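Laboratory data are not the source of any read-out in this text; all were calculated from the coordinates shown. The shown structure was predicted, so the numbers you read here are calculated from the model rather than taken from an experiment. In this analysis, Cβ positions are derived from the backbone assuming ideal geometry, glycine residues included, and neighbour counts consider all displayed protein chains.
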Amino acid sequence: MNTIAIYTLTSALHDEASVARITDGFLADIFPDGGYDFPGSDFSGFGSGALDLIFVRTGGTEGIFKPLLPKLTARGVRRFHLLTSGKSNSLAASMEILSYLRQQGLEGEIIHGATATVRRRIAELARVAEAREKLRGTRLGVIGKPSDWLIASDADYRQVYERLGIWLEDIPMEELLEAIRNASGEESLPDKPMSEEVKKAFPGAVEIHEALKSIVMEHNLNGLTLRCFDLLTSVGNTGCLALARLNAQGIPAGCEGDVPALLSMTIARAATGVSGFQANPSRIDPETGEMLFAHCTVPLDIVSSYDYDTHFESGIGVGIRGRFEVGPVTVFKVSGDLSRHFVAEGILTGNQAEPDLCRTQVLLRLEPADARYFLIEPIGNHHIIIPGRHKAVLEEILR
C-alpha cells in the first residue's frame with residue numbers, strides 16, 4: 001500500500017479518452033517512478049490513507065463534489081488537498097471547491113504550478129503523512145513528575161492523544177531506582193580523556209542507561225522524559241549519559257521531566273528522522289538574533305565529537321560536552337496542549353566551553369524577530385535544536 005492515494009473528479013461533459021490521456025501524462029510527470037494508488041472516482045476509501053489527493057481533472061466538477069463532501073467529513077476528514085493539471089478548467093473548478101470548503105469551516109489547498117513545484121509539495125505532504133502515521137500509537141514515558149521549577153511545562157495528555165495519537169504514561173521514580181539497583185554497569189571505560197571524578201561515576205551512569213532501556217522494553221515505550229535531578233541525591237549520579245545514548249539509539253529521551261520538550265523531540269524525529277538537542281537559552285541578543293544554548297546532555301548521533309565531563313550544576317556524574325558542525329539548524333517547541341508552537345530556522349555558528357554553563361554550548365543566529373520570541377512569549381525554557389532546515393515540514397505536521 002502506498003502512502004499517496006489519488007481520487008478523481010471528472011465532469012461527464014468532457015470526453016473521457018481525452019481526459020485520460022491528459023491524466024496519464026500529468027501523473028507520469030509528477031510521479032515518474034509511480035508510487036501511488038489510484039482509486040479514481042471511487043471515494044469509498046477516502047480518509048483512510050496517509051495522504052489522499054483529489055485530482056480535479058476538469059471543470060464542471062463543483063456540483064459533483066458538493067454532495068460528496070458530507071460523506072467525507074463524516075469520516076473525520078477536515079482538510080483537503082486538490083491537485084490540478086492546469087488543463088480543462090481544472091484550476092478554476094478547484095478554486096470554486098476550495099472557496100466552498102472555506103465557507104464550511106474546512107481547510108484545504110490547491111496543489112498547482114510547475115512540475116517541480118507540484119512534485120516538491122506532494123513529497124512534503126507525503127513526508128508529513130508518514131510522520132503522522134509514525135506518531136499515531138507512540139507511547140512516551142514520564143518517569144517521575146516534571147522538575148519543580150518547570151512551572152509552565154505541564155501537558156494535556158488527552159489533547160496530545162486526540163490530536164496526534166501519542167499516549168503519555170506516568171511511571172514512578174521508584175521503578176527506575178529499582179531497575180538501577182538491578183543493573184550491572186559492566187562496561188569498559190571509553191578511550192577518552194576523563195577526570196578521576198568522571199571515571200568513578202561512569203559505571204553508575206552506565207547502570208542508569210541499562211535501567212532506562214529495561215523500562216523502555218517493559219512498558220513498550222518509544223521515548224521518555226526523566227526527572228533526572230532526583231538521581232543526584234538518590235544514586236549520586238546523573239542521567240546525562242543515558243539520555244545521550246538513548247537518543248542516538250532512536251529513542252527520544254528528554255531531561256527534567258519536561259513533557260512538552262519530549263513531545264517536541266518526538267514530533268521532530270518522526271518528521272525529520274533526526275535527533276533533537278534539548279537545551280535552554282543562556283544569552284540572547286535581540287538586536288542581532290545571536291543566541292547561546294546549553295545543556296549537559298546531547299544526542300551522540302548529531303554531534304561531530306564529544307567528551308565527558310561532570311554535570312554542571314552538581315559537579316558530579318557524567319555530563320556530555322558535544323560539538324556541532326557549523327551549519328543550518330531548526331529551533332522547535334510545542335506547548336503541552338499543542339495549542340501553540342514555535343519553529344524557526346537559523347545558523348549554528350560555533351561551539352563554546354565556558355566553565356559556568358552546562359557542558360554542551362552552541363551559538364546560534366536567528367532572525368531578530370525570532371530571537372525576541374524568547375523574551376516576549378516563550379513556550380517554557382527548553383527548546384529543541386535540530387540540525388538542518390525543517391520549518392516547512394514541522395509547520396505542516398501541526399496544522
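Observations, loosely collected:
- For the chain, the mean residue ellipticity at 222 nm estimated from helices alone is -11500 deg cm²/dmol, where every DSSP H run of n ≥ 4 contributes -39500 (n - 2.57) and the total is divided by all residues, rounded to the nearest 500.
- In this structure the amide hydrogen of ILE171, modeled in the peptide plane, comes within under 5 Å of the amide hydrogens of VAL142, ILE143, GLY144, none closer than 5 places in sequence on its chain.
- The range 333-348 - phi-based ³J(HN,Hα) in whole Hz, Karplus 6.51/-1.76/1.60, Gly and Pro as x: 7, 10, 7, x, 10, 6, 7, 9, 8, 10, 8, 8, 9, x, 10, 7
- Top of ARG127, ARG283, ARG269 by mean-square fluctuation, Gaussian network on the chain, Cα under 10 Å: ARG283
- FRET efficiency estimate (nearest 0.05) - Cβ-Cβ, LYS145 to GLN103, R0 56 angstrom: 0.75
- Beta bridges by DSSP in the range 139-397, antiparallel share as percent, to the nearest 5: 75
- Comparing mean-square fluctuations of LEU262, LEU83, LEU243 from a GNM of the chain with C-alpha springs under 10 Å, the top value falls on LEU83.
- Labels on offer are (1) 31, 27, 19; (2) 43, 33, 20; (3) 47, 22, 18, and the one holding semi-axes √(5λ) of the Cα gyration tensor in Å computed from this structure is (3).
- Pairs of Cα atoms nearer than 8 Å and 6+ residues apart set the relative contact order; for the chain it is 13 percent.
- Taking amide H atoms as placed 1.01 Å from N in the peptide plane, the amide H of SER282 lies under 5 Å from those of LEU292, PHE293, ALA294, each 5 or more residues away in sequence or on another chain.
- Take 139-146, 343-350 and order them by the average number of nearby Cβ atoms within 10 Å per residue, most first; the result is 139-146, 343-350.
- Under 23 Å, Cα to Cα: Lys pairs in the range 139-397, sequence gap 8 or more or different chains: 6
- Comparing ALA270, ALA50, ALA17 in a Gaussian network model of the chain where C-alpha atoms under 10 Å apart are linked, the largest mean-square fluctuation is found at ALA17.
- In this structure the amide hydrogen of ARG340, modeled in the peptide plane, comes within under 5 Å of the amide hydrogens of SER335, none closer than 5 places in sequence on its chain.
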